[in-house]
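Taking it in order: structure first as structure tokens, then the write-up.
The values are calculated or read from the model by the stated rules, or taken from the named source; none is laboratory data. Values in this document were obtained by computation on a predicted structure and should not be read as measured data. Here the Cβ positions follow ideal geometry from the backbone for every residue, glycine too, while neighbour counts run over all protein chains shown. For the accessible areas, the whole protein counts, side chains as well, though only heavy atoms, and no ligand, DNA or RNA atoms are used. Shrake-Rupley method; radii C 1.70, N 1.55, O 1.52, S 1.80 Å.
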Amino acid sequence: MSVSRRKFLAWMGGAGLSTAFGTKAYAASNKQFKGYPDTMGVLHDTTLCVGCRSCEDACNKVNNLPQPEKPFKELSVLDKTRRTDSKTFTVVNKYDNSKEPKNPVFRKIQCNHCLEPACASACFVNAFKKTKEGAVVYDASVCVGCRYCMVACPFNIPAYEYDKVLDPKVVKCTMCHPRLLEGKLPGCVEACPVEALTFGKREDLLKIARERIRKYPEKYVNHIYGENEMGGTSWLYLTGVAPEEIGMREDLGITPAPNLTSGALAVVPMVAGLWPVFLTGAYAISKRKEKIAAEEQAEAVSKAVAETNTAAEEKLAKALEKAAKEKEAAIQKEVKKALEEAAAKAQEEDKEEDA
């Protein structure tokens, strides 16, 4: 891996600042963040979703993302299971409906904004933070690009800008945190034409969900997905079929991510402290490798040139030898021809004298 001086200094700055100031975050420690009591969230009622992709369109506009290959009104994309990526922070997927085969189920996918985020737990430079508004936000200025967050996320959400050579970032849904601070709704919630998305205090959303299940037990599965999964999430889901039928993991349990990772990550503060040393070593190794590679390349070029010159000289010598032989043969041929002509002429003259 080649490391530019600029990138190295950026790493050093991020790691150094984090280590020096020790900013508080819920990451890479044995301390468990208990969550904010009045955190906000979104209730996604999948029984109401019609798969119109208006939420995708709104997300794209709010976050100034590139336009997709096919327009948002093109619904054939729903035939293929998709996931979020560096240019798409939310997608809607279509699933078979075991209760009503003629009516497919649509589910919106994005960051679930866990109450105790696994991404924040895994991040030893505190690039991720759970805000009191409910959103899990990301600070690219301190990110070192280790991508532990991507490995840690049980919902497979964070994406990485692999196509950016300079300063790539981890990206994901922000629950429109800047809009929340302005008193606005998340873009997807505002755009949903059938109110399949409801924004509000998480506790209120749970009450709404329970009331819907109570009133329409035949319509809903008696389970609010996200209420307890992985310690709870700010995005909550109501479904008419088993969650696993629409691609939602049911093997996560109710233990918050920090409890699961605290043992393994207990060493991370030490790692964070040693991070600049590691980077210095990595940088030195990288530069040493570059120097060795340059020397090996120069040696290889010199050897190739020498071999080429030798081969050329041998080829030239053979060509000269061949030319000399051909020249000698031509001379001998011409001499023989001249002698034969002279002999023939002499015979003709002798015949004329005898006559």
Tell me which residues, restricted to segment 206-235, are assigned to a strand (DSSP E or B) and not polar (S, T, N, Q).
-> Y225, W235
From the list L279, L238, pick out the single residue that is modelled with pLDDT under 90 and open to solvent by less than 10 Å² (accessible area, probe 1.4 Å).
-> L279
State which residue is farthest from the chain's Cα centre (by Cα) when the search covers only segment 180-205 and only residues that are among the aliphatic types (A, V, I, L, M) and closer than 20 Å to K73 by Cα.
-> V194
Out of curiosity, is K132 touching a residue at least 12 places away in the same chain (Cβ under 8 Å) and assigned to a strand (DSSP E or B)?
-> no
Scanning segment 207-243 residue by residue, the ones that are of a type in the set (G, A, S) and within 30 Å of the chain's Cα centre (by Cα) total 4
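Per-residue answers, yes or no, for (1) surrounded by 22 or more Cβ atoms within 10 Å (Cβ to Cβ); (2) in a helix (DSSP H, G or I); (3) among the charged types (D, E, K, R); (4) in contact (Cβ under 8 Å) with a residue 60 or more places away in the chain:
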position: S76; (1), (2), (3), (4): no, yes, no, no
position: K99; (1), (2), (3), (4): no, no, yes, yes
position: N103; (1), (2), (3), (4): no, no, no, no
position: A140; (1), (2), (3), (4): no, no, no, no
Scope segment 32-59; condition open to solvent by 10 Å² or more (accessible area, probe 1.4 Å), modelled with pLDDT of 95 or more and over 13 Å from G187 (Cα atoms); matching residues | M40, T47, L48, C49, V50, C52
Output the number of residues of segment 161-205 satisfying the condition of being part of a loop (DSSP other than H, G, I, E, B) and either of a type outside the set (D, E) or open to solvent by 20 Å² or more (accessible area, probe 1.4 Å) (or both).
-> 23
If we keep only residues of segment 212-231 that are free of Cβ contacts under 8 Å to residues at least 40 places away in the same chain and buried (at least 21 other Cβ atoms within 10 Å of the Cβ), then the residue nearest to A118 (Cα to Cα) is E229
Determine whether segment 251-271 contains at least one residue that is at pLDDT 85 or above, in a helix (DSSP H, G or I) and out of contact with any Phe, Trp or Tyr (no Cβ under 8 Å at 6 or more places or on another chain).
-> no
Of those in segment 105-119 that are closer than 15 Å to Y36 by Cα and open to solvent by less than 10 Å² (accessible area, probe 1.4 Å), the residue modelled with the lowest pLDDT is P117
Out of (1) touching a residue at least 40 places away in the same chain (Cβ under 8 Å); (2) open to solvent by 20 Å² or more (accessible area, probe 1.4 Å), the odd one out for P158 is which?
-> (2)
Matching residues in segment 120-138 (in contact with a Lys or Arg (Cβ under 6 Å, 6 or more places away or on another chain) and open to solvent by 10 Å² or more (accessible area, probe 1.4 Å)) number 1
Segment 60-108 - residue that is over 23 Å from the mean Cα position of the chain (by Cα) and of a type in the set (S, T, Y) and, of those, nearest to L197 (Cα to Cα) | Y95
Restrict the check to segment 80-97 and report whether at least one residue is surrounded by 20 or more Cβ atoms within 10 Å (Cβ to Cβ), at pLDDT below 95, of a type in the set (A, V, I, L, M, F, W, C) and over 18 Å from S234 (Cβ atoms).
-> no
Any hit, segment 123-144, residues being in contact with a Cys (Cβ under 6 Å, 6 or more places away or on another chain) and either at positive phi or of a type in the set (S, T, N, Q) (or both) = no
